[in-house]
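The values are calculated or read from the model by the stated rules, or taken from the named source; none is laboratory data. From a predicted model like this one, the values you see are computed outputs, not experimental measurements. Backbone-built Cβ (ideal geometry, glycine too); neighbour counts: all protein chains shown.
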């Protein structure tokens, strides 16, 4: 059965292969069109190409001079058609790729994009006769086939101009002098451009009547990927300087230097709020937000949670930490457990102090709102990453009569916390608070380094404004332009 | 079936809205359904998306592509996380946590450095006095905008300087910074409130159109 099945597939591919190659050649054959044309336009000149720098490979940049008939002359050029020469092997591989796409469509029970009577339609009819399991098998074998054949592409491309054809890639409007041929790096994709294989290009100037004139053929050229993006050198340099600054201040902090951090209103209020909760005999609700354990705001929040948990353990108050993310819950449990240990009250730690609710945003909000109204916490602390739920939480907390302290680096949510909370840490104050509370040399040192980096940014920006205003040289301004 | 769905959605919507009056048993029921359904949904979704589609299909591909052996490393981290269920070797669970937090923070560092530092500096470097190149006259609208951007960036950064107390000229500059911040927050507030209103309108539209058929 398998032999029969594969024979059918490869017979079909062989039939289609001939018609496909003929189609492609016809598309690229300029002489056939020029016979019907009244006059040919002047061709584009000096076609050149280069490997696209600072990329992952599979891309070539083409440049050419405009046809003299582009925007003038007797035959106004309408557009430029870009062609790439591909060996027959690539055409065969493309056909196999088409087959895989058709098979995928049958498996997914869709015929979108397939016109009746087309080559794809005839392939669809043949493949439809197979069962789903057989189609999976054919698909896998064809994928293996592509993978094996791709390895021969570099060798096959050396046969230029024999045994291959010109493949249309793209068209560009008149006036265009450059084209980035960004190929796919996925061998399964139809736009795949192999690295280290000889590539040949040509550009045709096309008039409104369809008359075409081809440029000189450019090639061979090969694409390749680079490990280092030179456009990002200023970033590497800046990160290096910042790292030195951080290490310097961390070492100073470890040596016992007195690193001043200005008092932050919201953090000063935390101790008072815990005291208030103890006096009232009510719990403290600590919300870490919706961020993941790797978000900087959540990491800063862990430090503050540690401080709050330690105070809570000392005062023997109840702490409630409902969490949204399972990993955040795990880290928070570790933080709270350590804090209870530091406070000398490991026995008071309860496993369900930090508990998971759900990973659905508004279901989580509904649960936290319920806790606020039923447990009536004396203090609500919101520290971390918050989104659309911020106002709902803060508003419910205000209705419940709790003292509320918040902090987030989500700019869009800060206004809601400001209007509904008693104290709010704005953006970077949240990070500073974790250093301020923790008094950890690493955090204090990095905070100092950030401060001096900010001072450097102010100075560099002011110099940049002067340079830009008086046109002293754009090289300075360009240094800060980060090209992706 | 669709009718039943509309009724359930409408009753649950009203149940959640009842919270606007006060906490009540109907709200508690709706809240519990919401939390339970979402927790169950995400458990199944994570199982199929992460464990099956990403890991299982990745290491045992069915489409002929190469197996992604790096995924075994992720699986190993996942197994280590489960060690916390044991009281004796629970400490092992700290290793994958340290890896996740450390690796992601390192990746974000470059991202934030580019977006929060480099791009901020390059966007600030602009002509503060904008002149029309043809008439050589100052374009006052753009000039005022540019000056405000430069003052806003500098004073905002001064506000977030933690190594010095906000006193004297430094304090006054920081106060200008907080004014800029508050005006920005006000604009954000208004914008977001309007988008929340559209959400409310959407819900009311559902109740009156799809449920009660009072709107055509």
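Per the listing A:336, A:331, A:270, the residue uniquely under 30 Å from residue B:46 (Cβ atoms), in contact with a strand residue (DSSP E or B) (Cβ under 8 Å, 6 or more places away or on another chain) and crowded, with 19+ Cβ neighbours inside 10 Å is A:336. Going by the structure shown, is residue B:10 assigned to a helix (DSSP H, G or I) and touching a residue at least 12 places away in the same chain (Cβ under 8 Å)? Spelling it out, residue B:10 is indeed assigned to a helix (DSSP H, G or I) and touching a residue at least 12 places away in the same chain (Cβ under 8 Å).
Yes or no: residue A:398 under 39 Å from the mean Cα position of the chain (by Cα) and surrounded by fewer than 22 Cβ atoms within 10 Å (Cβ to Cβ)?
For residue A:398, the condition - under 39 Å from the mean Cα position of the chain (by Cα) and surrounded by fewer than 22 Cβ atoms within 10 Å (Cβ to Cβ) - is met.
Selection within region B:58-73: residues that are more than 13 Å from every other protein chain (Cβ to nearest Cβ) and surrounded by 14 or more Cβ atoms within 10 Å (Cβ to Cβ). The member of this set that is farthest from residue A:104 (Cα to Cα) is B:71. Among the residues of region B:146-169, the ones that are part of a helix (DSSP H, G or I) and loosely packed, with under 14 Cβ neighbours inside 10 Å come to 3 in all. Taking the criterion of being assigned to a loop (DSSP other than H, G, I, E, B) and within 20 Å of residue A:76 (Cβ to Cβ), the residues of region A:192-211 that qualify are A:208, A:209, A:210, A:211.
Against the conditions (1) touching a residue at least 40 places away in the same chain (Cβ under 8 Å); (2) in contact with a helix residue (DSSP H, G or I) (Cβ under 6 Å, 6 or more places away or on another chain); (3) within 30 Å of residue A:318 (Cα to Cα); (4) not in a strand (DSSP E or B), where does residue A:288 fall short? Just the number, please. Condition (4) is where residue A:288 drops out.
If residue B:127 satisfies every condition in (1) at the interface with chain A (Cβ under 8 Å from one of its Cβ atoms); (2) assigned to a helix (DSSP H, G or I); (3) farther than 23 Å from residue A:325 by Cβ but one, which is the exception? Status for residue B:127: all satisfied but (2).
Residues checked against (1) in a helix (DSSP H, G or I); (2) more than 12 Å from chain B (Cβ to nearest Cβ):
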site: A:213; (1), (2): no, yes
site: A:223; (1), (2): no, yes
site: A:243; (1), (2): yes, no
site: A:249; (1), (2): yes, no
site: A:259; (1), (2): no, no
site: A:269; (1), (2): yes, yes
site: A:272; (1), (2): yes, yes
site: A:277; (1), (2): yes, yes
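Residues satisfying the criterion are present in region B:36-56 (criterion: more than 28 Å from the chain's Cα centre (by Cα), over 30 Å from residue B:203 (Cα atoms) and modelled with pLDDT of 90 or more).
With respect to the stated conditions, residue A:189 is out of contact with any helix residue (DSSP H, G or I) (no Cβ under 6 Å at 6 or more places or on another chain), within 14 Å of chain B (Cβ to nearest Cβ) and assigned to a loop (DSSP other than H, G, I, E, B). Being assigned by TED's automatic domain parsing to the domain that holds residue A:87, surrounded by fewer than 16 Cβ atoms within 10 Å (Cβ to Cβ) and under 27 Å from residue A:100 (Cβ atoms) holds for only one residue in A:185, A:129, A:177, and it is A:129. When residue A:67 is tested against (1) buried (at least 18 other Cβ atoms within 10 Å of the Cβ); (2) within 30 Å of the chain's Cα centre (by Cα); (3) over 23 Å from residue A:198 (Cβ atoms), only condition (2) is not met. Within region A:457-472, the set of residues being touching a residue at least 12 places away in the same chain (Cβ under 8 Å) and crowded, with 16+ Cβ neighbours inside 10 Å comprises A:460, A:464. Kindly indicate the residue of region A:130-171 that is in a loop (DSSP other than H, G, I, E, B) and either under 37 Å from the mean Cα position of the chain (by Cα) or in contact (Cβ under 8 Å) with a residue 60 or more places away in the chain (or both) and also nearest to the other protein chains (Cβ to nearest Cβ) among those meeting that condition. So, considering only residues that are in a loop (DSSP other than H, G, I, E, B) and either under 37 Å from the mean Cα position of the chain (by Cα) or in contact (Cβ under 8 Å) with a residue 60 or more places away in the chain (or both), the one nearest to the other protein chains (Cβ to nearest Cβ) is A:151.
Considered as a group, the residues in region A:301-321 that are touching a strand residue (DSSP E or B) at 6+ places or on another chain (Cβ under 7 Å) and touching a residue at least 60 places away in the same chain (Cβ under 8 Å) include one that is nearest to the other protein chains (Cβ to nearest Cβ), and that residue is A:301. If you go through region A:108-129 and pick out every residue that is assigned to a loop (DSSP other than H, G, I, E, B) and at pLDDT 80 or above, you end up with 2.
Screening the candidates A:250, A:321 for the property of being buried (at least 18 other Cβ atoms within 10 Å of the Cβ) and not assigned by TED's automatic domain parsing to the domain that holds residue A:407 yields one hit, A:250.
A search for C-beta distances below 9 Å between a residue of region A:238-261 that is free of Cβ contacts under 8 Å to residues at least 12 places away in the same chain and any residue that is assigned to a loop (DSSP other than H, G, I, E, B), counting only pairs 6+ apart in sequence or on different chains, returns A:260/B:162; A:260/B:163; A:260/B:164; A:260/B:165.
Among the residues in region B:38-50, are any part of a helix (DSSP H, G or I), in contact (Cβ under 8 Å) with a residue 24 or more places away in the chain and within 11 Å of chain A (Cβ to nearest Cβ)?
Looking through region B:38-50, none of the residues is part of a helix (DSSP H, G or I), in contact (Cβ under 8 Å) with a residue 24 or more places away in the chain and within 11 Å of chain A (Cβ to nearest Cβ).
Scanning region B:13-28 for residues that are part of a helix (DSSP H, G or I) and within 9 Å of another protein chain (Cβ to nearest Cβ) yields B:16, B:19, B:27, B:28. Note on region A:354-470: enclosed helices (runs of 4 or more DSSP H) holding 1 or more residues that are closer than 30 Å to residue B:21 by Cα and either in contact with a strand residue (DSSP E or B) (Cβ under 9 Å, 6 or more places away or on another chain) or away from chain B (no Cβ under 11 Å) (or both) are A:361-375, A:390-399, A:414-420.
Whether any residue in region A:36-48 is over 40 Å from the mean Cα position of the chain (by Cα), modelled with pLDDT under 75, part of a helix (DSSP H, G or I) and loosely packed, with under 14 Cβ neighbours inside 10 Å is what I want to check. Yes: one or more hits.
Going by the structure shown, is residue B:31 more than 12 Å from every other protein chain (Cβ to nearest Cβ) and either more than 30 Å from residue A:149 (Cβ to Cβ) or loosely packed, with under 15 Cβ neighbours inside 10 Å (or both)?
When the stated conditions are applied, residue B:31 does not pass them.
Being surrounded by 14 or more Cβ atoms within 10 Å (Cβ to Cβ), at the interface with another protein chain (Cβ under 10 Å from one of its Cβ atoms) and under 21 Å from residue B:50 (Cβ atoms) is true of residue B:93.
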